[in-house]
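Take a look at the structure below.
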Amino acid sequence: MSSIPGAESASSDLDTQTSRPRRVIRLPAKLTDPDNALGYDSNVEKSRAAGERGRVTTRVRTNDESGVSTSVGNIIDEDTANNPDASTVPLLNTEMSTPALTPSSIAIDDDDSEPIAPHKGKRHSRASNASAPSDADMSESDEDNIEVVNPKKQARKKRQSSSKPKDDVNDDGILMDINVQEIEDIQPSVSERRKDIDQFFRPTTDRRGINGRMKPHRQCKLCSTYIVHEATTLRRHLGARYAGAYRKWALENDFQSKLPDDVKKRKEAFNAVKAQQATLDAHLHEMPKKERVYAYTELAFRCAAIEWLIATDQPLDALEHPKYVDMIQTAARATNGVTIPSRKTCRQEIMNMFHEQLAALKKDLSNKSKVSGEISLTCDAWQASNTDGYFAVTAHWIEESRPGDWILRSALVGFTQLNNAHNGQRLGQALYLIADRLDIVDRIGHITCNNASNNGTMLHEFATQVQRKTGKLFDFRKRRINCLAHIINLATQALIAAYSKTPHFDPASPVDHLNIAASDHRDEVGLIRAIAVKERSSAKRKEMFRRIQLKAKVPRPLQLLIDMKVRWSSTYMMLHRAEMSKHHVDVFVYEIAREENNLSKRAKLDNLKLEPEEWTRVTLFLELLGHADKAQQSFSSENISTLHLAIPALEALHKAWLSRADCVKYADFSDALYVATDKISEYYDKTELSDAYIVTMYLVPDADGTKGKHFLKYWSLSLQKKAREHIEMIFEARYKQMYGSSGPAPFAKKSSKLTSLMCELSDDESDAECTSSPLTAVDGKPWLAEFNRYLDTTESIPEGMSVIQWWGRNALRYPVWASLARDYLAIMASSVSSERAFSQAGITISKWRNRLKADVVEALQFLKCMLRNDLIFRAPAPSSVLEQELKSDDLNGNEDSGKKDAEVINLDTDSLVEKDPSSWDIILDSDDEDLYDDN
């Protein structure tokens with residue numbers, strides 16, 4: 001059974017009975033800091049210099065008899081470290097409890113990531129770059145390994161680092177090779193260009209002209225004269241009579257004068273400058289365009305569309321794509337033909353649209369009335385098929401479009417090319433520049449990333465840049481969320497690797513996977529992998545397997561799947577597909593063996609057939625992997641809040657595997673299950689570093705309307721008390737941040753007459769609206785009124801309503817709780833949104849378009865994400881009358897005529913739509929006796 005560090009002795013019996021990870025909750029010393037800043041030493045250079053004076057830090061993590069984690073720190077001088085005869089080492093600062101984060105504990109630490117396996121036959125050691133630890137550092141429970149400094153290796157490493165060329169940095173210390181696009185100036189819209197006309201003239205009305213025809217006219221606000229509604233005519237009227245008033249208004253409103261005289265002067269000045277430049281205009285003349293007129297018929301259009309589909313290698317349903325249909329419908333309204341934009345024009349329009357939408361998103365996020373909470377991020381790095389590296393950042397926030405109407409929004413805010421080393425410093429500065437581009441550096445909440453070793457340094461560098469920019473501390477340890485999907489992937493990979501020793505299929509070594517590892521029994525995973533490779537090795541064998549299924553009257557024959565090393569789910573799908581068709585697989589192995597004339601090879605093929613007991617083990621192994629698949633599916637959505645499921649999912653998966661490790665039925669998987677549960681325990685302990693997990697579990701009511709049900713049902717009494725005290729401290733800090741130390745007097749919600757009448761007619765005595773009691777303040781603790789009222793009130797979320805929508809409608813009842821909901825419910829439990837950005841980019845950067853530059857790649861991915869999430873900001877579409885007027889507007893000859901306000905199409909397929917889990921209980925099997933049996 002795995003040992004979970006950090007458990008309390010008081011709850012050890014209960015934890016042993018339930019087979020769940022034991023847990024300790026840190027209660028930070030300071031939660032009243034409104035900036036959420038736990039102090040740490042910002043002078044990194046001094047710390048690094050102090051660490052190079054030959055001092056050695058040794059930390060040993062032990063467990064005492066009561067199960068309490070003990071951190072022992074030793075400081076040894078250089079002579080003692082190099083003396084092999086030294087038998088005693090002084091021990092300093094032995095702590096028996098887990099303290100809150102201290103200033104010295106917030107330093108660069110990548111040990112919270114997946115460790116790198118040491119070389120065989122060598123002792124794994126690394127030089128510490130940190131300074132000699134303080135007393136507070138000695139009790140840091142994160143350090144669970146021994147660090148030893150070898151002076152010779154340290155000197156060699158120092159010489160190697162000094163010989164490397166230094167990266168160029170700018171005045172702010174940012175690496176010069178990080179190229180994050182700036183937001184360019186946006187051309188004014190049609191309504192903005194005609195703002196002067198709307199200022200001096202009333203709305204359009206139809207009047208009869210001199211020729212007796214009805215024409216649109218506008219009335220001058222200064223002289224009440226009706227003038228034909230044409231931009232040039234209206235401005236000539238203003239220039240002739242009210243030029244002074246017009247120019248004064250334009251100056252006060254920062255509007256460029258468009259009076260005919262002013263426009264003429266600007267053109268003359270421009271031509272004067274242009275005349276001084278040597279050109280070939282005098283020797284050239286414009287060639288007349290040859291217009292080709294096509295007669296439209298249904299047959300001609302169909303043939304042209306099919307030829308386009310064939311010539312451009314489009315899928316057969318490309319003509320049915322909503323955006324293609326919309327484009328054709330737009331072109332069908334043209335009266336004078338359609339001008340096809342060139343490649344250069346298309347690229348420019350894409351870049352213009354990118355900068356316009358990015359500026360609109362920046363403006364929308366800066367609107368505190370709509371986005372008043374924190375903005376959480378996810379990030380990840382990726383390499384495209386053309387070997388270019390990219391760094392993706394997605395933002396997630398809660399938007400209040402109308403009072404009480406909350407919605408969770410997300411957008412891809414950065415897709416920056418990084419072709420240099422993906423070290424922590426470079427990633428951290430890229431993350432900072434992307435956030436600074438949208439002016440949200442001081443509003444970043446939590447950051448979700450995977451457990452790679454460089455992400456710890458990335459967040460430290462980001463915190464350094466945030467402090468330099470805003471002067472505020474960013475506690476990157478507390479605000480880091482480890483990707484739950486990545487944690488489950490690591491644990492399941494450990495389970496598969498411990499049980500199956502057969503290598504994965506590698507095209508470069510096509511026979512390695514045939515070395516079926518065997519201990520007490522054959523490796524069923526390797527056997528199925530070998531059969532799948534045989535089935536997919538040729539078209540003849542594919543057809544053979546298809547005919548075997550058709551002969552058995554299978555309505556939809558399927559091919560076998562081959563798994564890949566980096567994703568455990570591919571192994572799960574490979575086994576699941578084979579187990580579904582196990583009878584057809586046995587027949588296929590028999591048939592391919594009969595076709596082989598070589599007796600030796602035939603015997604090897606016959607040996608691939610699985611025996612009935614081996615198929616039974618495949619079924620049991622699929623059952624074990626199914627628990628991980630169910631847990632991972634809970635975090636695959638970016639449209640709903642799922643962080644509250646993190647702790648219950650890890651606990652449920654840990655118990656599901658650990659409870660089966662001692663069962664006779666799963667004896668063959670016992671060792672592998674212990675390895676997997678140890679991996680879960682390793683990352684489960686790190687959830688105590690962040691408040692977000694506990695807070696979100698209280699913010700999401702359970703199906704029966706209770707809050708914090710998981711703690712009451714599965715945690716010991718001491719842990720329940722600590723959880724309640726922990727959330728109370730966070731609530732108190734937020735209350736004081738909003739209202740100060742004293743705060744406003746508590747008030748009771750006034751019921752309307754209709755509400756009172758409905759309460760009298762209602763048969764439900766537990767109705768929250770009818771039974772809610774007035775808020776009563778506790779002496780010296782005014783925040784307890786709202787705090788207790790929310791936790792003690794039973795109220796469930798109606799069916800079809802998300803938890804974020806529910807909080808929007810109850811924000812006035814629980815203002816402090818709602819403030820926490822704005823910040824914490826936007827945190828992503830996994831970095832799946834960044835992964836989806838990479839999947840979309842893989843379609844864009846294909847072998848046919850592998851020379852796209854970094855700027856247009858980012859623009860395409862950003863706009864694609866905005867379309868999918870319905871975040872495209874559009875100006876009102878101009879009318880046809882306005883388009884005709886713009887043609888006669890001599891103030892700007894190349895003004896855009898406006899574009900149709902196209903309908904936004906949701907690009908998500910039905911398979912990607914996620915339903916809002918009503919409770920963490922969906923992760924657990926309700927009919928699983930082993931999972932709930934505590935005896």
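The values are calculated or read from the model by the stated rules, or taken from the named source; none is laboratory data. No experiment lies behind these values; they were computed from the predicted model shown. Glycine gets a Cβ as well: all are built from the backbone with ideal geometry, and neighbour counts include every protein chain shown. Side chains are part of the model used for accessible areas, which takes the heavy atoms of the whole protein and leaves out ligands, DNA and RNA. Shrake-Rupley method; radii C 1.70, N 1.55, O 1.52, S 1.80 Å.
Number of residues in region 564-610 that are under 19 Å from Glu623 (Cα atoms) and either among the polar types (S, T, N, Q) or modelled with pLDDT of 90 or more (or both): the value is 15. Regarding Ser372, is this residue open to solvent by 10 Å² or more (accessible area, probe 1.4 Å), at pLDDT below 90, in contact with a helix residue (DSSP H, G or I) (Cβ under 9 Å, 6 or more places away or on another chain) and not in a strand (DSSP E or B)? It is false that Ser372 is open to solvent by 10 Å² or more (accessible area, probe 1.4 Å), at pLDDT below 90, in contact with a helix residue (DSSP H, G or I) (Cβ under 9 Å, 6 or more places away or on another chain) and not in a strand (DSSP E or B). Of everything listed in (1) outside any helix (DSSP H, G or I); (2) modelled with pLDDT under 80, the single unmet condition for Leu882 is (1).
For first residues located in region 612-633 and surrounded by 15 or more Cβ atoms within 10 Å (Cβ to Cβ), partners that are among the acidic types (Asp, Glu) and lie 6+ apart or on another chain with Cβ distances below 7 Å form the pairs Glu614/Glu524; Arg617/Glu524; Arg617/Asp668; Val618/Glu524; Val618/Glu579; Leu622/Glu579. Residue count for region 220-241, restricted to those that are under 16 Å from Arg194 (Cβ atoms) and assigned to a strand (DSSP E or B): 3.
Taking region 187-219, which residues are of a type outside the set (S, T, N, Q), surrounded by 14 or more Cβ atoms within 10 Å (Cβ to Cβ) and in a loop (DSSP other than H, G, I, E, B)? Those that are of a type outside the set (S, T, N, Q), surrounded by 14 or more Cβ atoms within 10 Å (Cβ to Cβ) and in a loop (DSSP other than H, G, I, E, B): Pro188, Arg194.
Here region 555-576 is the region considered, the condition is being surrounded by 14 or more Cβ atoms within 10 Å (Cβ to Cβ) and β-branched (Val, Ile, Thr), and the residue that is nearest to Val525 (Cα to Cα) is Thr571.
Of all residues in region 830-856, those satisfying the criterion of being within 30 Å of Arg479 (Cα to Cα) and in contact with a helix residue (DSSP H, G or I) (Cβ under 7 Å, 6 or more places away or on another chain) are Ser830, Val832, Ala837, Gln840, Ala841.
Selection of region 445-460 for residues being hydrophobic (A, V, I, L, M, F, W, C) and open to solvent by 10 Å² or more (accessible area, probe 1.4 Å) yields only Ala452. Of the residues making up region 302-320, those that are touching a helix residue (DSSP H, G or I) at 6+ places or on another chain (Cβ under 9 Å) and over 22 Å from Ile843 (Cβ atoms) number 2.
Look at region 364-386: where a residue is more than 23 Å from Pro815 (Cβ to Cβ), no partner that is of a type in the set (D, E, K, R) and at pLDDT 90 or above sits 6+ places away or on another chain with Cβ atoms under 6 Å. Any idea which residue in region 631-654 is farthest from Ala723 (Cα to Cα), counting only those that are part of a helix (DSSP H, G or I) and out of contact with any helix residue (DSSP H, G or I) (no Cβ under 6 Å at 6 or more places or on another chain)? Per the criteria, the residue is Gln633. If the condition is being in a strand (DSSP E or B), surrounded by fewer than 21 Cβ atoms within 10 Å (Cβ to Cβ) and among the aliphatic types (A, V, I, L, M), then region 393-432 contributes Ile407, Leu408.
Scan region 803-862 for residues that are in a helix (DSSP H, G or I), aliphatic (A, V, I, L, M) and out of contact with any Phe, Trp or Tyr (no Cβ under 9 Å at 6 or more places or on another chain) and the total you get is 2. Of Pro403, Pro341, all but one fail to be touching an Asp or Glu at 6+ places or on another chain (Cβ under 9 Å) and free of Cβ contacts under 8 Å to residues at least 24 places away in the same chain; the exception is Pro341.
Counting just the residues of region 477-503 that are among the β-branched types (Val, Ile, Thr) and outside any helix (DSSP H, G or I), which one comes out surrounded by the most Cβ atoms within 10 Å (Cβ to Cβ)? Only one residue fits best here, namely Ile481. Answer yes or no as to whether Ala723 is under 17 Å from Asn788 (Cβ atoms) and not polar (S, T, N, Q). Yes. Considering (1) assigned to a helix (DSSP H, G or I); (2) at pLDDT below 85; (3) within 30 Å of Thr232 (Cα to Cα), the lone condition that Ala282 does not fulfil carries the number (3).
In the set Glu543, Glu535, Glu638, only one residue is among the charged types (D, E, K, R), farther than 24 Å from Asp668 by Cα and modelled with pLDDT under 90; that residue is Glu638.
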